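Beneath this line is the structure, given in structure tokens, with notes to follow.
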Amino acid sequence: MEAGRIAATQLPRTHVLGRWARAAGRVARFIAHDPALLTAHVLLGVLVLLALLGNVFWSHDPNTADLNLALHSPSASHPMGTDSLGRDVFARFNQGARISLIIGAIVVVAGALLGGAIGVLAGTFGGWTDNLLMRCMDSLLAFPPLILAMAVTVGLGVGLKTATLGVILTTIPFYARLCRSDVLRVRSLSFVEAANALGARRGWIMLRHIVPHLTSTLLIQSAAVFGYAILSIAALGFVGLGAQVPTPEWGSMITDGLNNVLTGGWWIGVFPGVGVLLGVTATSIVADRARDIFDPRGEYLRF
Amino acid sequence: MGKLVLNRIAGALAAVFGASILSFVFLRLFPGDPARLVVGPLATQEQIDAVSHQMGLDKPLWTQYWRYVWGFLRGDWGYSFGSGQNVTTLMGDRIPPSLELGLFAFLGAFVVAVVLALVATYQRRPIVDGTVRTISFLGLGTPPFWLGLLLLLLFFVHFGWLPGPEGRLSAATIAPPHHTGLYTIDALIAGQWGTLWDAIRHLILPAFALGFAPFAYLVRLLRANLLDVSREPFLLVVRSKGVSRWASFTRHALPNAFLPTLTASGLILAQLIAGSVLVEKVFNWPGVGQLVVDSILRKDFAVVETFILLSALSYVVVNALVDFLYGAIDPRVRAWSPPV
Amino acid sequence: MTARRKFGRRAIPAGVLLVAGLTAAAFAFTTSGSAARDAGGTLVVNINTGPATIDPRDMTSFFDTIGLNFYVRLMQYGTKPGPAGTQQIDATHMKPYLAKSFTVNKAGTVYTFKLRTGLKFPSGVPVDAKAVKCSYERSFAGIGAYFLEDGIPGNLKSVAAPNPSTVVLRLKQPDPSILQGWAQPSSSIIDCAAEKKEAKTWLATHEVGGGPFEMVSYQPNKQMVLAARPSYAAWAKANGLPVPRAAKIVINFINSDSTLLLQARSRAANVTIGLAKQSVASLKGNGNVRIGAYPTTIQEQLLMPWDRAPWNNKKFREAMTYAVPYQQIVSKIAYGYGKLYYGPLPPLMQFYNAALSKPRAYDLTKARQLIQASGLSTPVPLTLTIDEGNTVHQQIATLLQSIWKPIGVNLTVQTLAPADYVGAMFGFKVHSAIRYDGPGVIDAGYYLGYDMRTTVVGIGKNINLMSIPAADRLLDKARKSLSNATRQKLYNQITTLWRANSPKIIFYNDVATVVLSKSTKSFTYYHEPDMRSWGT
């Protein structure tokens, strides 16, 4: 650990690389020195690779059914076996990784934007705006998140899109509460008070002085939400409220595995679960470490 | 203090009220006609209208909402057309199994978490500490329903040590006389040891699957708190009085480390509710979680709305209780006014 | 600090208290205790779905018809030997039940029933002609009318009870299969006076019958316990009718296939109904159980509503009937429990003509050519609706999606919750759907009356929205005809016309499976679960 730090500072400062490259280098070295963080990044990297390039180096189509190949156990030609319709589980796993990662990203971005906006509005304007918005958020929080997501999905018509909407809705109050308390903290800082005294408009103060301070908060929270999103989508898929056939979504693949648990075919459900496990664990390690480093107060909400 | 409590209660009520409106609106806006479901496919439009009228579905929305809230308060939770029973009876039937499972999962998670956290912090060896941390991370990332599947594959299909997904008892075992609805306790009361053993055997796998995530959460929290507390000066005083290191840990550090754990109980409750919805499906546990999933799919309004209100209520009550307890017990909290 | 530590000790109980508080809340509920199961003379029946109602007037699905066991009817189905030493239904030989005998006038429109006497409802009221009349009138006011009239609207002109042991039923037109209508659960005889005392929906979960079994307890979607009714047993014995074989029947409704399978395996259930074919197949060779496989008149089919594109194109419909790997579906999805044919009438039905109803071949080249000939531009978009939780439908849909893509048909699968699925189908809102369906009355005329006829009583149109006016005319003729030869000729013509139109895809004719434990010696398969002969 110590040796690595010294080596890092002794590196010649090459101006060619520029500021960003140096920053990236620092982050990379930091990661390399933390075994847990390194593992997490390697796992996420593998998942991303499979998601992006799975269909390039693995020629099987995830949706081609061939009943003659049904329920084959893992072998060289089908490393994760085949399901009850003879589809290649590995190809479906890769496709499932793509779906989970994309949905995770969508949920994070949408949740942060919507929840962040609500939190900033409530925190900046205070008064009845704050009260109304926060009471709404409390109502959402009073729902068990999964039940809320399920109700939204069924209400809007079962599918991957509506399931994603449902999950986004459950993340909004977390973002909103966090951002609001951050805004309250920042608002009382002297530079904001100074801007206020100088007669700057509230909207301007919000954009120019408060929002930039939320970046790290949002980033850390987003890492946790990413894992939560993967898990929730899988849970919705598991109860049949997520992806529609034949979409190879991890949760619905696990249900398929459950249907085959007594009649053979362990591989159908086990592998997609490993995917969820790795994805969520890796992101929660990243979130946890980020929290330790950037925010020792530990006010962040964990799922 | 009084104002704070009032504020808290008002906030809690507002949250429950909001949740009731939200759930009501969601479920009413659903496409599909529940009356059609009741009368079956061959019914004529008149019959559908008649049932619709009988169920009050033709009334204006606000009347329906009022009926729902007023009914809930009076303990009349409506009629589940999906199962042809009163929701109150249905819930009374389905809550005890979930409660039993939740209790076992929670107790198991709590005990093991305390032991592991103690060992990890007491030993202070990187290997032990690393293992505990890994387990806690895995716990947070494991989908409970998948863990259930895995456990079934291992302990039922492969080894055959524990019963399969057949619910709370073997088919040959007669349910114990009804006192609490929790089979383990009922069997104890009746002194039916065979039934007790059977019930426990059926509880092991689902409780494990359900308790793993709360366990992981608790072990992290306890470990962090133990580390914090063990650095406090009062422990040094205790040690200097000649108390052994183990005794100072278990008798003085551990109890103090529990306090922050209390704040997590709302979250753990939420985890248990969400988890049970999924785990019950895997093990065919006849609990409220399965009922709710089925009811959502069947658009059985009354059941879903009741469940949402019940869980919103318990969530709010638990959180308020925790706040209150905290304030009553820790004077520092009372001094510190939260940034409302 | 003192306060903190004090609390610290109480932290564990506090955590427990949190949950314990909820426990206390649950104690407040009253639950009916599970019925104790005693071993002697008890038959355990596991079924995958519980009834929605057991009110005779409203029973429509197979699962509802469990309620028929509480009542007697004028007529009953005949039986014949079935597989594995069991008996099975014979719809061609209808037998009198409460009726001792009956006569028909020459025109086939007036049925006069002489009733057996001596049977009484628990209230002491006799099960006589008056009871028949009021029961029929009650059913007639509801969905039951469809069965009472055998699917011919307005055909039951009057029900008369000239004296306690005589019932006269008058029809508008002759209908040779009407006797089946009067053996249907909807034609059950109830104690009208006892029913009137109760609330409107009371009969949905209770019984007021005088039939073979009485209800001991009922927890909807969980368990129903039946016991042989002593008054019925004495009456049946005196009249030479079969006496209930089981003294007590515990019916468990278990909607999880794995639980059903485990209990069948462990012999916890005497009779298991509704087990998935895959699970049934996994029991082959298991020494603890016998598998009974019975032909039915139920089909797994794909609806092609004719009024919308592309199904309004006859060539395209025909093309798709050649684009289904029938053999593979039967062997890998139905695990062999299915029969192949293509025509309006399934093999078990009287007037089915095997030579005319040969199954379509799986021929993708031909399908492709036909699609080209249809003039439709590919890819053709299609939405296929299936019901949530139905593994067979999901598998077939996914398979078709994969197979049809290369021939230029893009299938989108829409999974609907059961309620929406039924609603969408009967609201004629589906683009196409996979449907598992067969008639309650095992008769060609009754079946085609709702499955093929352009207009259908109650729902307006047939669910496939097919319209072959020439075939409709032939059907109306066949339904009135009293000569089997004439009917056979007419149904042959209908079959040819039907096939020429390729109205829908029939994946297979279902073979029902029932798993019996070794100790279950006596079993008769009915398309509606009449449990009189079931026993150890």
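Do you know which residues across the stretch A:233-244 are out of contact with any Asp or Glu (no Cβ under 6 Å at 6 or more places or on another chain), surrounded by 24 or more Cβ atoms within 10 Å (Cβ to Cβ) and more than 9 Å from chain B (Cβ to nearest Cβ)?
A:Ile233, A:Leu236
Filter the strands (runs of 3 or more DSSP E) completely within the stretch C:55-110 down to those with at least 1 residues that are aromatic (Phe, Trp, Tyr).
C:75-81, C:99-104
Report whether or not A:Gly119 is touching a Cys at 6+ places or on another chain (Cβ under 6 Å), touching a residue at least 60 places away in the same chain (Cβ under 8 Å) and small (Gly, Ala, Ser).
Judged against the criteria, A:Gly119 is a match.
How many residues are crowded, with 21+ Cβ neighbours inside 10 Å and either closer than 21 Å to C:Ile459 by Cβ or at pLDDT 95 or above (or both) if we restrict to the stretch C:415-424?
Within the stretch C:415-424, residues that are crowded, with 21+ Cβ neighbours inside 10 Å and either closer than 21 Å to C:Ile459 by Cβ or at pLDDT 95 or above (or both) number 6.
Take the stretch C:367-393 and flag every residue that is under 17 Å from C:Ile403 (Cβ atoms) and in a loop (DSSP other than H, G, I, E, B).
Result: C:Thr378, C:Pro379.
For (1) more than 30 Å from B:Val293 (Cβ to Cβ); (2) modelled with pLDDT of 85 or more; (3) under 22 Å from the mean Cα position of the chain (by Cα); (4) within 9 Å of chain B (Cβ to nearest Cβ), each residue gets a yes or a no:
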position	(1), (2), (3), (4)
A:Leu114	no, yes, yes, no
A:Leu146	no, yes, yes, yes
A:Ala151	no, no, yes, yes
A:Ala197	yes, no, no, no
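Filter the stretch B:246-296 down to the residues that are under 21 Å from B:Ala207 (Cα atoms) and of a type in the set (Phe, Trp, Tyr), then identify the one that is surrounded by the fewest Cβ atoms within 10 Å (Cβ to Cβ).
B:Trp285
For the stretch C:454-502, how many residues are among the basic types (Lys, Arg) and in contact with a helix residue (DSSP H, G or I) (Cβ under 7 Å, 6 or more places away or on another chain)?
So the answer is 3.
When the residues of the stretch C:313-324 are filtered to those that are outside any helix (DSSP H, G or I) and crowded, with 21+ Cβ neighbours inside 10 Å, which remaining residue is nearest to the other protein chains (Cβ to nearest Cβ)?
Residue satisfying both the conditions and the ranking: C:Val324.
Would you confirm, using the coordinates I've provided, whether C:Ile273 is within 14 Å of chain B (Cβ to nearest Cβ) and of a type in the set (Val, Ile, Thr)?
No.
In the list A:Leu169, A:Leu148, A:Leu133, A:Leu114, which residue meets the criterion of being of a type outside the set (Gly, Ala, Ser), in contact (Cβ under 8 Å) with a residue 24 or more places away in the chain and within 23 Å of B:Ser314 (Cβ to Cβ)?
After applying the criteria, what remains is A:Leu169.
Out of everything in the stretch A:171-195 that is surrounded by 15 or more Cβ atoms within 10 Å (Cβ to Cβ), modelled with pLDDT under 80 and more than 14 Å from chain B (Cβ to nearest Cβ), what residue ends up being nearest to A:Leu133 (Cα to Cα)?
Step by step, filter the stretch A:171-195, then rank; the result is A:Val192.
Please work out which residue is nearest to the other protein chains (Cβ to nearest Cβ), limiting yourself to the stretch A:153-170 and to residues that are surrounded by 23 or more Cβ atoms within 10 Å (Cβ to Cβ) and among the polar types (S, T, N, Q).
A:Thr153
Out of the stretch C:266-322, which residues are among the basic types (Lys, Arg) and closer than 27 Å to C:Ser256 by Cβ?
C:Arg267, C:Lys277, C:Lys284, C:Arg290
Looking at the structure I just gave you, is C:Gly423 among the small types (Gly, Ala, Ser), without any contact (Cβ under 8 Å) to a residue 12 or more places away in the chain and either in a loop (DSSP other than H, G, I, E, B) or within 14 Å of another protein chain (Cβ to nearest Cβ) (or both)?
Criteria met by C:Gly423.
Kindly indicate whether A:Ala200 is aliphatic (A, V, I, L, M) and not in a helix (DSSP H, G or I).
yes
Select from the stretch B:286-322 the residues that are at the interface with chain A (Cβ under 10 Å from one of its Cβ atoms) and among the aromatic types (Phe, Trp, Tyr) and write down the one among them that is farthest from the chain's Cα centre (by Cα).
Going through the qualifying residues, I end up with B:Phe307.
May I ask you to list the residues in the stretch C:493-533 that are within 19 Å of the chain's Cα centre (by Cα) and part of a loop (DSSP other than H, G, I, E, B)?
Correct list: C:Phe523, C:Tyr526, C:His527, C:Glu528, C:Pro529, C:Asp530, C:Met531, C:Arg532.
When the residues of the stretch A:50-72 are narrowed to those that are among the small types (Gly, Ala, Ser) and either within 14 Å of another protein chain (Cβ to nearest Cβ) or touching a residue at least 24 places away in the same chain (Cβ under 8 Å) (or both), which ends up surrounded by the most Cβ atoms within 10 Å (Cβ to Cβ)?
Among them, the one singled out is A:Ala65.
Count, please, the residues in the stretch B:160-190 that happen to be modelled with pLDDT under 90 and more than 10 Å from chain C (Cβ to nearest Cβ).
1
Which members of the stretch B:55-87 meet the condition of being surrounded by fewer than 15 Cβ atoms within 10 Å (Cβ to Cβ) and polar (S, T, N, Q)?
B:Thr63
Taking the condition at the interface with another protein chain (Cβ under 7 Å from one of its Cβ atoms) and either farther than 23 Å from B:Leu153 by Cα or surrounded by 21 or more Cβ atoms within 10 Å (Cβ to Cβ) (or both), does B:Val243 pass?
Answer is no for this residue.
Residues of the stretch C:482-491 being surrounded by fewer than 18 Cβ atoms within 10 Å (Cβ to Cβ) and out of contact with any Phe, Trp or Tyr (no Cβ under 6 Å at 6 or more places or on another chain), which ones?
Result: C:Leu482, C:Ser483, C:Asn484, C:Ala485, C:Thr486, C:Lys489.
Could you please let me know if A:Leu114 is of a type outside the set (D, E, K, R) and in a helix (DSSP H, G or I)?
yes
Answer yes or no as to whether B:Val115 is in a helix (DSSP H, G or I), closer than 30 Å to C:Ile251 by Cα, at pLDDT below 90 and within 14 Å of chain C (Cβ to nearest Cβ).
Answer is no for this residue.
Mind listing whichever residues of the stretch B:300-316 are at pLDDT 85 or above and outside any helix (DSSP H, G or I)?
none
Give the stretch C:368-398 a look and list any residue that's out of contact with any Lys or Arg (no Cβ under 9 Å at 6 or more places or on another chain) and touching a residue at least 60 places away in the same chain (Cβ under 8 Å), or say none.
C:Val380, C:Leu382, C:Leu384, C:Thr391, C:Ile396
Select from the stretch A:116-144 the residues that are within 11 Å of another protein chain (Cβ to nearest Cβ) and either of a type outside the set (Gly, Ala, Ser) or in contact with a strand residue (DSSP E or B) (Cβ under 7 Å, 6 or more places away or on another chain) (or both) and list them in ascending order.
The answer is A:Asp130, A:Asn131, A:Leu132, A:Met134, A:Arg135, A:Cys136, A:Met137, A:Asp138, A:Leu140, A:Leu141, A:Phe143, A:Pro144.
The values are calculated or read from the model by the stated rules, or taken from the named source; none is laboratory data. From a predicted model like this one, the values you see are computed outputs, not experimental measurements. All Cβ positions, even for glycine, are placed from backbone atoms using ideal geometry, and neighbour counts span all protein chains on display.
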